[in-house]
Each structure stands twice: as C-alpha cells, then as structure tokens.
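Worksheet: one structure, shown below.
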Amino acid sequence: MIFLEYQINIIYFKSVMKVLVTEDFLIEESALNELKKALEKAGNTEIFAIGHTDNNNEITEINVVSWGNEFMAPAIINNLKQGDVVIHNHPSGNLTPSPPDINLASYLGNQGIGFYIINNDVSEVRFVTKSWKGEERNPIDTDKIKSILGPDGPIAKNLQGYEYRESQVEMAIEVADAFNNSKISIIEAGTGTGKTMAYLIPSIMWAINNKEKILISTNTINLQEQLLKKDIPLLKEVLDIQFNAVLVKGRNNYLCLRKAKAEESDLTIGVDENLDELMTLIQWSKITDDGSLSDLNFIPREEIWDRLKCESDTCLRVKCSFYKNCFLLKARRKASQADLLIVNHHLLFADLSLRANLNNFADLAILPPYSHIIIDEAHHIEDVSTKYFGLKTSKKGLIRILNRLWFQLRKKEAKGVLLLVSKKLNKIKDETVIPVQKTIDSLITQKNELVNLTAELFDEIAKFTDNIIKNEQNELKLRITDKIEESIDWENTVRLKSKEFINSAGIFITNLSRFHKKLDSINNKNSKIFDSNLIEIAAISKRVEEYVNSIENFMFENNTNEVKWIELKKYKKGNSVSLNTAPLKIDTILKEYLFNQFDTIIMTSATLTVNNNFDYFKDRTGISTVEKREIIARLFPSPFDFKSQVIIGIPLDIPPPTQDLFPFHIEPIITEILKISKGKAFILFTSYMLLNLLYSQIITKPELSGITMLKQGDENRHNLLKKFKKDINSVLFGTDSFWEGVDVSGEALEAVIIVRLPFRVPTEPIYEARREEIEKSGRDSFIEYTVPQAVIKFKQGFGRLIRNNTDRGSIIILDKRIQEKYYGNIFLNSLPECRTIIGTKDAVLDELRKFYYK
Ligand code: SF4
C-alpha cells in the first residue's frame, strides 16, 4: 500500500483549511448534485469520488470510484490526472484528516491532484491539498514556424524543388494554435498542401518545448513510410532541434523470446512437422536486433508465428527471465523516450480501448502516456473504430485455439501443449503424476468433442443463414434483426444448439482449470519445468472462455446500440462462418474516450468535407456534441491549378450503372479513352465482378495491344504499383484499395476513369442498421449518410490524378447519375473547380483528344 509508506509533505499540512463550500469550493451544480446523490446513497459509508476540473479549476464532473475507507485508495489512482480532485467524506462531520488521509493527500498532491474532505451534506470542506495544473506550458512561436517554412527557410535551402505554399504555413499555424490552446482541430488539407510538414513542425516544437509526447496516427503504411523515411529525416537534418521519433507496432508483430526458448527445448521432445520453419525463426531470434516481423525476409505461416509471437495473456512481464532482452519491451522502452510516437489507427484504438477499460488516461497502457494526438487520414476513424470496438467470433478462430491444446491430423504426429505436458510427465518418476496423465486423456476427448460441437453449432448457423438469404452467392451476410431473434426457427435451431455448446464449453473450461491447478502443484515440485506450458494452458482457457461469452452474448443478449450479423463464406473446402457485432454508433465512444480525454486533438485528411462543409464528419464522429472544448474546422484548398491541369468528362448517352447493359456500353468508351491517353490510366471500380468482366474484354482489344494491362488481385498491391510506375503506358484495373493511399505522380498516370459512383453496398448490415437509425429520427439517411460516404471516397479517387503542379490529366466519370440525379451536384461541388465536359460520348472524347494532343 504505497500511500501508507509515503513521506508526509509538511507543506500540505500548512495548506489544510476549513471553509464553507460556497466560498472556495468551485463545483458545477450538476456535479454537486451527483456528489450529494452518491453521499445520500452511501449513508454512513465513506466514499471516494474524483472531481474532474476545467481550466478554471471548477469541478465539472464527478465519478464515484470507491466505497470504503483509505485502504480502498489504490482503486482511485488509475483514474486520475493532474488538476483532478479526490473528494472524500467523513460522515461524522469531523473533517480532520486521519493519518491515512494525510498520506494519501500527500501522494496525490505531489502529482497535482487535490484532496478534499467533506461532510455528508457538502456544507463544509477541508482542503487537505489543492490541485494544480502543472507548470506553465511553453507555447509554440508561430513566427518560427513561418521562418522554417518560408521561401528562405531551412527547408527551402535544403530541399530541392521546394515550393513555398501559403496554405501550408497557415495550416501549421492552425496546428500550433491548437497545441497552444488545447483545441480540437479538424483540418482538410487538399492534395499538395504539404500537410505532414504542417503538423510535424509544430508537433516537434511542442514536444521539445514542453517535454510532452505527441502521438501521430495514420491509417496506411504508405503514410507511415512517408513520415519515417522522408519527412522526419529531412526535418532532423534541417531543423535546429534534436528530437526522437519512433514507430510503435502492435505486440503481435514481435517474437517472444520466452516462447522461442520453450519451443526450442520442446523440439527435443518430439518430431515437429514444422521443424524447418520453427528452427529458422528460432535462429533468427538470436541474431535479429528488433525481433519484429518486418525484420524477417519471409512471411512466416500464421500457425507458426502464433506459436512464437508476443501476446498479452502469455507474457510474464517483470517475472520473465528474458525481460531485459525482450524485443517488445525494448521497443516499448524506446517509445517511452521518444518525442513523437508514430502508430496506426488500429494501435491507437487498441490503446484507447485499454485505457477505457482501466479508466486510465494518464499512465502507461499499450502506449506510453500522451496528451496530444494528430490523426492523419482521419476520414477513416468511424470505420476503424467501428471495427475495433466490434467483435468477430469465428468457427476457425475457436477451433484454432482449442487445437493449441492438442491436435492430430489423421495419422500424422500429434502436437499441442497437452502432448508436451504428457511427454514431460512421462519422465517424472512419481506415482502422483499418474492421475494427471489420465486427466490429459480425458481432456483430449473433451476437447475433441468441443471441436465437434463448435463445428455443429457453426454449421447450424450457416444452414440458418442459407435458408433465410436463399441466393447462390458465395459470400452472405445476415443481419440479426428483432424479427429473426423472435422467430421459432432461430430459437429451435441456432439457439438450442448454442445452449448445448455453452454448457459443454463451461464444463470443459472448469476441467481445464482444475487440470491447470494440479499441474501447477507438480510444477512446483519439479524445478518449474511446466512454467511455459502452464502459461499457455491458462491463456487458452481464458480465450476459450472469451469465445464462449461472446457466443452467449450474440445469441442471448439484445443490445440496442449494437448491430449483429452472421458472415458466411462458402469455399470448396468448406464454410467460413463468423458471428459479428459492431457498435451502431461510435460518436459517444469517441467523445468519451478520445475527445474528452486529450489536450490537443488534430484530425486531418485531404477528404473530410462534403459539399465544402464538415457537418458529416462532425456528426458521424460525435464532435458536434462535444461540449466545453474549443473546436476549429478549417479547409485549406489544394494549391494546384486544377482548371488548367484537369479536364473532367461525363458522357451522358450511356445507360446508368444500375442497368444490365451498362458494362457493354462503357467498354468501347474505356477502350477509346485508353487509346487517346495511351494507357497511363487507373480504372476504378466498386466491384470485382465488373472489374473482371471489363478487364477480360479490354485486354483482348488489338488497338490496345502495346499497352500493359494490370489487374488488382493478380499480384500484391505493392508489386502492381511498382510495375505501373515503371511501365509508363500501363493501365491498372483496381477496386477498393486503389481509390486512395496511392501516389503516382508524373506521366505514368494521366487519366482516372471512375466507372461508377462509389456507394457502399446497401445491404451491408452495419450500414443498413445505421441508415435505419437515422430514418427512425425522421431524417433522410441517403442524403445524410449514404451520399457523404460515397462523396468522400469519390474525392479520394479524384485525388489520385494530380500529385504535383506539373501533373495534368483527365477524370472520366461513367456514371451519369452524377449529372442526372438530384444528389449529383453534391459530388461535383465537393471537387475543386475544373474544366468539365458534360455531353455525348463523342463530345467528351473529342475534348479529350484536344486536351491530350494540344
Ligand atoms: S517479457 Fe513477455 S513478451 Fe517478452 S520475452 Fe518475456 S514473456 Fe515474451
């Protein structure tokens, strides 16, 4: 109990005073009512509450965290940050601090946290220590930013081809202002603004001036690579500031030395069919500096890496004998000393979700503590956070976990932790191990039965899905609506089978945990030879339990803020089935865990606005409901001269994409465009079906014989792009991932053909549920949700064409709804002003010829 041993600081004794609450106890009425309510409920019990304060030290929010005396204090500390106040009642009305009160107050006081004792009707307060919000922060000097980015600044002097951009300087000043005044800033920076430099420079200045970490989160590896390989090295070279930036990767990217050692020892016990790959990885673990996947020159098979990767539930932390050399911990130590932490959105949300669970936003979680966040590619945060705060429970995942205990494929050698334990037990000459050996046999039988039950349950789910959807497609998604949950079929088939599964799984988990206990006592008498096996068994047991809980929740809980659906993929070798849940809305989650927790939050992207306003982004992320924070939204248009660099063509004498004959009408136009542009084109689709159909037709055209046709799916994205850039006359047929995050400047890309407006599939469960939610409140979900989503993606597609001020090219939109439907203008108004040809295909092609051949 660290508080009781803590040195009492005499200064705090001196500050003990007794006043009437009305004079010096700044608390908002709602927070005061909350406190009074808690005290009334507590009666004669002591409570501890946390008061969160605003910039004027007024308590704006109360959270009761502990009911009891000072010995409950450790429950409090995780929830605190500088400036907060701990409020503790003495029901007797005697507000003299007890010795434990003083110790606790002293500990908290040193961290800027106040400690107040109150009576039960909150009419008197004793300030044992007062809170403070830390030293004055050193604001960023915006003149310095201007000179760094100025035409005669260090970047201009050191970077060949550097162009001074006013919008970049303005954006950097906006970012600096957000740091200086603890704001939330939403910034759309058009292509070419130079947004990464515009946020990196103030971030570095703030981090160094104030010794505070800045977290920079991106959605794609491409952007991380740009930051780490281009922008940050340049700034290190040219700025007169020493700083440290570190890429932080997720835990599962690192090899666990303890596991590698255990696998190496266990290899001597039996034959392992994966011996070669395992040995390669074990040898590599002895020479690699960083121990992460990106340091390997091959991609290990998933099932092998699973056996070696770091996982939170199999990590011994300080008790681990590899603690000092652990790759993960070395990386985390490096991160703790960095000024800038570069992460991806998934890691950011993993960290936020852990902080939310621990109610700890001030201390180490997955990442070291930070209070300033830059979220680049912020148009993804609704999707990424939805995914992160959702859950996927698959048949494959559960069976894979169970097979980590014991698995035997036909006549091949068995493997798994129970086999290893059994072999080790055989070597112990002690009769007491015999019953434990027998338990292993029984556990193997039970595990096999549970695998069968799992397969039966998911088969039942697949059958149910097939019966309801009744179509021939290989990928089906069935949303679980109230109607389905109330149906007799659901009750008599899927739910019935689930109950059977949950009962058996419960018995299995209990037996596994009893076995763990017995093995633990054998371990203690046998030089701890089962240490690593025990950790593995405990982790497996915990994960099976989590799977069972999520299946139970899926089947029997009805949370109105959740969307549930079944995903069924049919393959020749069998079905892949999963149960999925996702939050219906993420606005309150983001508000609570992100917007209300951090000092500075900058969200930026080239595509946040729709029709030149931020309403959609603010609404979807919940920023529009954030109170008591200054929120700034700024749009910095691209500096490029789109009117002369781009021509947009919209042919109208073709059917809309909703008609069956659409592919046959657009094929000759695409062929003609490619002839005019001599390839050099991206053709962006929204479905693989249409992509494959048109690719198979266009590749056979003799008039395009000299042009290389590349198709997404034939090779990985990286190789396709490399080939596309190298062969400057090639054409790339792409779907989803080529609409954004692809940077091809120069003559390799001079035309972008948008085959249809990128509306999402309307039957996607999560989108369907969100649309229904909007409709329920009497609003138009198509205009408020469907169209803006498509506009953001459309803007991303448009953004592929012009990457610098010498690029030029055409955007051809083959979906005439953009001109003929009432919502079409929202798409066009969201683009920068360009020369636009709307008319017959011949008119569009004629103008294209003039544009390319002039
Ligand atoms: S500290 Fe954890 S992750 Fe690192 S080697 Fe030990 S068990 Fe593995």
Quick calc, the range 251-322, dipole around Cα centre from Cβ unit charges on Lys, Arg (+) and Asp, Glu (-), nearest 20 debye, gives 460
Among beta bridges assigned by DSSP with both residues in the chain, the antiparallel ones amount in percent, to the nearest 5, to 40
Karplus ³J(HN,Hα) for the range 602-611 (6.51 cos²θ - 1.76 cosθ + 1.60, θ = phi - 60°; Hz, whole; x = Gly/Pro) runs 10, 10, 9, 4, 7, 9, 10, 8, 10, 6
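Remind me, what semi-axes does the range 458-555 give for its equivalent ellipsoid, largest first in whole Å, using sqrt of 5 times each Cα gyration tensor eigenvalue?
Working: eigenvalues 316, 39, 17 Å².
For the range 458-555, the semi-axes come out at 40, 14, 9 Å.
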As straight-line cross-link partners of LYS387, the qualifying lysines (C-alpha separation under 21 Å, not fewer than 8 residues apart within one chain) are LYS249, LYS395, LYS396, LYS477, LYS564, LYS569, LYS585, LYS591, LYS618, LYS793
Along the dipole axis of the chain (charges at Cβ: +1 for Lys and Arg, -1 for Asp and Glu; origin at the Cα centre), the most positive-end residue among MET709, ILE551, HIS379 is MET709
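Report the net charge of residues surrounding PHE508, where surrounding means a beta-carbon distance below 12 angstrom and charges are Lys +1, Arg +1, Asp -1, Glu -1.
So the environment of PHE508 carries a net charge of 0.
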Loop-resident trypsin sites (Lys or Arg not before Pro) in the range 301-338 with no more than 16 other Cβ atoms inside 10 Å, DSSP not H/G/I/E/B, are ARG301, LYS324
The distance between the Cα centres of the range 502-527 and the range 797-834, in whole Å, is 63
Site ASP619, offset 7 angstrom along Cα→Cβ, radius 19 Å on amide nitrogen, limited to the range 634-651, gives 634
The ³J(HN,Hα) series, computed from each phi in the range 620-626 with the Karplus coefficients 6.51, -1.76 and 1.60 at θ = phi - 60°, rounded to the nearest Hz and given as x for glycine or proline, is 5, 8, x, 4, 5, 9, 6
Sorted by chain and number, the residues with a modelled amide H under 5 Å from that of ASN244, at a separation of 5 or more or across chains, are ASP339, LEU340
Computed on Cα atoms only, the convex hull of the range 103-250 has an orientation-averaged projected area in nm² of 13.1
For the chain, whose charge dipole is built from +1 on Lys and Arg Cβ atoms and -1 on Asp and Glu Cβ atoms, the candidate among ASN729, ALA198, PRO765 with its Cα farthest towards the positive end is ASN729
Inter-part gap, Cα centre of the range 729-784 to Cα centre of the range 638-694, in whole angstrom, is 15
With ASN692 itself left out, Lys, Arg at +1 and Asp, Glu at -1 over residues whose Cβ is under 12 Å from its Cβ give 0
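Can you bin the range 251-322 into rounded, prolate or oblate? Criterion: square roots of the alpha carbon gyration tensor eigenvalues sorted a ≥ b ≥ c, rounded for a/c under 1.5, prolate for a/b above b/c, oblate for the rest.
oblate
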Under 5 Å from the placed amide H of VAL64, counting only residues 5+ away or on other chains, we find ILE50
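Taking every pair of distinct Cα atoms and averaging 1/r, then inverting, what Kirkwood hydrodynamic radius in Å comes out for the range 395-583? Show your work: numbers first, answer last.
Details: mean 1/r = 0.0546 Å⁻¹.
For the range 395-583, inverting the mean 1/r across all distinct Cα pairs yields 18.3 Å.
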hull vol. (C-alpha, convex hull) per residue for the chain, Å³ -> 208
In whole angstrom, the spacing between the Cα centers of the range 132-202 and the range 426-453 equals 64
For the range 251-322, whose charge dipole is built from +1 on Lys and Arg Cβ atoms and -1 on Asp and Glu Cβ atoms, the candidate among PRO300, SER321, LEU281 with its Cα farthest towards the positive end is SER321
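How charged is the neighbourhood of THR432? Take every other residue with its Cβ under 10 Å from the Cβ of THR432, and add Lys/Arg as +1 and Asp/Glu as -1. Write out the running numbers ahead of the final one.
Details: positive: LYS518, LYS525; negative: ASP430, GLU431.
Local net charge: 0.
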At R0 = 41 Å the Cβ-Cβ FRET efficiency linking LYS518 and GLU40, nearest 0.05, sits at 0.25
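Would you please name the GluC sites (Glu not before Pro) within the range 590-658 that are DSSP coil residues with at most 10 other C-beta atoms within 10 Å of their C-beta?
Working: sites: GLU592, GLU627, GLU630; in loops: GLU627, GLU630.
Listed in order of number, the matching sites are GLU627.
List the GluC sites (Glu not before Pro) within the range 465-514 that DSSP assigns to loop and that have no more than 12 neighbouring Cβ atoms inside 10 Å.
Values: sites: GLU472, GLU475, GLU485, GLU486, GLU491, GLU500; in loops: GLU472, GLU486.
Filter output for the range 465-514: GLU472, GLU486.
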Counting sequence-distant residues (5 or more places) and residues on other chains, those with an amide H built under 5 Å from that of PHE733 are ILE683, LEU710, LYS711, GLN712
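Can you give the Rg to Rh ratio for the range 642-853, taking only C-alpha atoms and Rh from Kirkwood?
Working: Rg = 17.0 Å, Rh = 17.6 Å.
Rg/Rh: 0.96.
Read-outs: derived from the displayed coordinates by stated rules, not from any lab. Treat the numbers as computed from the prediction; the structure is a model and nothing was measured. As a convention, Cβ positions derive from the backbone with ideal geometry for all residues, glycine included, and neighbour counts pool all protein chains shown.
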